[in-house]
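Chemist: Let me give you the structure first, and then I'll get to my questions.
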Amino acid sequence: MTITSAFIGFGKSATRYHLPYVLARKDKFTVKRIYDIKRQADKENQQAYQHILFTSELADILNDADITLVTICTHPDSHYYYARLCLENGKNVLVEKPFTTTLDEAKTLFAIAREKGLTVSPFQNRRFDSCFLTMKQAIESGKLGKIVEVESHFDYFRPEAETSPGGHFNGAFYGLGVHTLDQIISLFGRPQQVGYHLQKLRNPLNPDDTFEVQLYFKEMKAIIKTSHLVKIDYPKFIVHGTHGSFIRYGIDRQETSLKAGVMPGEPDFAHDPQQAVLEYTDCSGETVREQLPAVQGDYGRVYDALYETLVNGAPNYVSEQEALTNLDILETAFKQPSPAVVTL
């Protein structure tokens with residue numbers, strides 16, 4: 001069975017993080033239409049898109065009975081509007097990050113989807129980063145024992161920031177924290193408390209560009225951090241357990257390949273030479289040090305998972321509770337002065 005799909009939005013998100021992967025899955029998906037309010041002939045005429053019908057009329061998607069899945073790749077403050085419209089017209093929906101700008105909006109979308117027997121899902125592609133998958137493999141091996149602390153970084157060195165004011169959903173926490181939060185939630189569930197420290201270090205007229213958020217679980221803590229003022233890289237992930245530690249430098253290389261025009265399936269796409277280090281005490285009390293090669297990342301696995309949900313009834317790869325927990329933590333950050341510690 002092939003799912004006939006459509007896209008709302010034809011910007012960088014659609015052309016970089018979605019279409020290269022979904023178009024490579026011709027046995028599972030056909031992209032029939034793309035809605036773009038600002039038609040872009042130079043982009044539309046590319047060879048990869050010759051079979052797709054472009055339109056500036058949203059009704060062309062909503063009224064097309066063949067289309068059963070719509071991917072929304074528009075500005076964050078329009079996600080809820082388009083997702084609700086698609087659900088009300090009988091379409092399953094995949095929504096770019098952030099899923100919605102408020103928790104109540106997300107709850108409404110899930111309620112409509114349940115009522116209509118449809119699926120609505122956030123796009124959490126970074127569950128399929130090579131660096132994250134390598135860390136997950138180390139944790140699930142059991143060699144670290146009980147996990148007591150995880151630290152996650154998503155940093156840059158971009159000291160200059162032009163003034164671009166907007167709502168907080170345009171800041172670093174909603175833009176990047178939405179991913180790093182989701183990675184931790186997918187491994188450990190809902191934290192009991194959250195500590196927030198959000199800042200505007202480069203330009204006070206802009207939304208937040210720096211954050212440290214600490215997630216407190218019953219017997220462990222996770223720290224997620226982002227800054228645009230990091231010249232010497234931190235490790236991407238650090239994990240400490242009762243039997244040992246894990247450390248991994250360097251982020252997944254898919255985005256690097258996509259920016260360079262190297263597409264999924266091509267030689268050396270997303271080649272990740274970085275090895276992680278796992279050091280632990282084994283059952284005989286000996287210290288063991290292992291070099292872990294990167295697990296292959298693949299953002300297309302979002303579409304593989306969604307296919308299994310829509311065709312075979314598998315649970316969604318991001319559960320409703322995980323999605324709501326993510327939005328709850330994001331939204332709560334802006335309800336009190338920072339720094340703060342909040343019980344969920």
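All of the numbers you see were taken from the coordinates with simple rules; none came from a lab. If you're wondering where the values come from, they're calculated on a predicted model, not measured in any experiment. Because the Cβ atoms are built from the backbone with ideal geometry, glycine has one as well, and the counts that use them run over all protein chains shown.
Chemist: Under 17 Å Cα to Cα from Lys335, which aspartates and glutamates show up? Leave out anything in the same chain fewer than 8 places away.
Modeler: Those aspartates and glutamates meeting the cut-off are Asp104, Glu105, Asp208, Glu212.
Chemist: Follow-up. In Å, what is the Rg of the alpha-carbon atoms in the chain, and how long is Dmax?
Modeler: 20.6, 67
Chemist: Rank by packing, highest mean first: peptides 254-267, 27-40, with packing defined as the count of other Cβ atoms within 10 Å averaged across residues.
Modeler: Values: 254-267: 14.4, 27-40: 16.9.
Most protected by this proxy first, the peptides run 27-40, 254-267.
Chemist: Considering every pair of different Cα atoms, what Kirkwood radius, in Å, is found for segment 3-123?
Modeler: Working: mean 1/r = 0.0695 Å⁻¹.
Taking the inverse mean of 1/r over all distinct Cα pairs, segment 3-123 comes out at 14.4 Å.
Chemist: So the label point goes 7 Å from the Cα of Lys146 along Cα→C-beta, right? Which residues of segment 206-221 then have their backbone N under 11 Å from it?
Modeler: 218-220
Chemist: Another question about this same structure. With all pairs of different alpha carbon atoms counted, what Kirkwood hydrodynamic radius in Å does segment 210-344 show?
Modeler: Details: mean 1/r = 0.0532 Å⁻¹.
After inverting the mean inverse Cα-Cα distance, the result is 18.8 Å.
Chemist: Rounded to the nearest 500, what is the chain's calculated 222 nm mean residue ellipticity when only DSSP H runs of at least 4 contribute -39500 (n - 2.57) each, over all residues?
Modeler: Details: 10 runs with 89 residues, N = 344.
Helices in the chain give a 222 nm mean residue ellipticity of -7500 deg cm²/dmol.
Chemist: Could you pull out every one of the aspartates and glutamates with an alpha carbon less than 12 Å from that of Lys26, ignoring same-chain neighbours closer than 8 positions?
Modeler: Asp304
Chemist: For segment 85-153, what Kirkwood radius comes out of the mean inverse Cα-Cα distance, in Å?
Modeler: Details: mean 1/r = 0.0679 Å⁻¹.
14.7 Å is the Kirkwood radius here.
Chemist: When only DSSP loop residues count, what trypsin sites (Lys or Arg not before Pro) in segment 84-193 have their Cβ near at most 14 other Cβ atoms within 10 Å?
Modeler: On the way: sites: Arg84, Lys91, Lys107, Arg114, Lys116, Arg126, Arg127, Lys136, Lys143, Lys146; in loops: Lys91, Lys143, Lys146.
Passing both the DSSP loop test and the Cβ count: Lys146.
Chemist: Between Glu308 and Thr4, what is 0.36 nm times their sequence separation minus the Cα-Cα distance? Round to one decimal in nm. It would help to have the intermediate numbers written out before the result.
Modeler: Numbers: separation 304, 0.36 × 304 = 109.44 nm, distance 1.44 nm.
Taking Glu308 through Thr4 to full extension adds about 108.0 nm, to one decimal.
Chemist: I would also like to ask the following. Along the Cα→Cβ direction, 7 angstrom out, place labels at Ala24 and Lys116. What is the inter-label distance in nm?
Modeler: Distance between the two pseudo-spin positions: 3.1 nm.
Chemist: For Lys28, give me every one of the lysines with a C-alpha distance below 28 angstrom, ignoring sequence neighbours fewer than eight places off in its own chain.
Modeler: Those lysines meeting the cut-off are Lys12, Lys43, Lys91, Lys97, Lys116, Lys136, Lys259.
Chemist: Here's a follow-up. Can you give the FRET efficiency for Val277 and His75, using 1/(1 + (r/R0)^6), R0 = 45 Å, r = Cβ-Cβ distance, to the nearest 0.05?
Modeler: Values: r = 40 Å, r/R0 = 0.90.
FRET efficiency, Val277 to His75: 0.65.
Chemist: If you plug each phi of segment 128-134 into the Karplus form 6.51 cos²θ - 1.76 cosθ + 1.60 with θ = phi - 60°, what whole-Hz ³J(HN,Hα) values come out, in order, with x for Gly and Pro?
Modeler: Working through the residues one at a time gives 10, 6, 4, 5, 5, 4, 5 Hz.
Chemist: Among the trypsin sites (Lys or Arg not before Pro) within segment 280-344, which fall in a DSSP loop and have no more than 16 other Cβ atoms within 10 Å of their own Cβ? Please list the in-between numbers first.
Modeler: Working: sites: Arg289, Arg301, Lys335; in loops: Lys335.
Listed in order of number, the matching sites are Lys335.
Chemist: Trypsin sites (Lys or Arg not before Pro), restricted to segment 156-251: which are DSSP loop and have at most 11 other Cβ atoms within 10 Å?
Modeler: Details: sites: Lys200, Arg202, Lys218, Lys221, Lys225, Lys231, Lys236, Arg248; in loops: Lys200, Arg202, Lys218, Lys231, Lys236.
Here the trypsin sites (Lys or Arg not before Pro) that fit, given the DSSP loop and packing criteria, are Lys218, Lys231.
Chemist: In nm, what is the difference between 0.36 nm times the number of residues separating Gln296 and Asp328 and their Cα-Cα distance? Provide the component values of the computation, followed by the final result.
Modeler: On the way: separation 32, 0.36 × 32 = 11.52 nm, distance 3.08 nm.
Contour length minus the Cα-Cα distance gives 8.4 nm.
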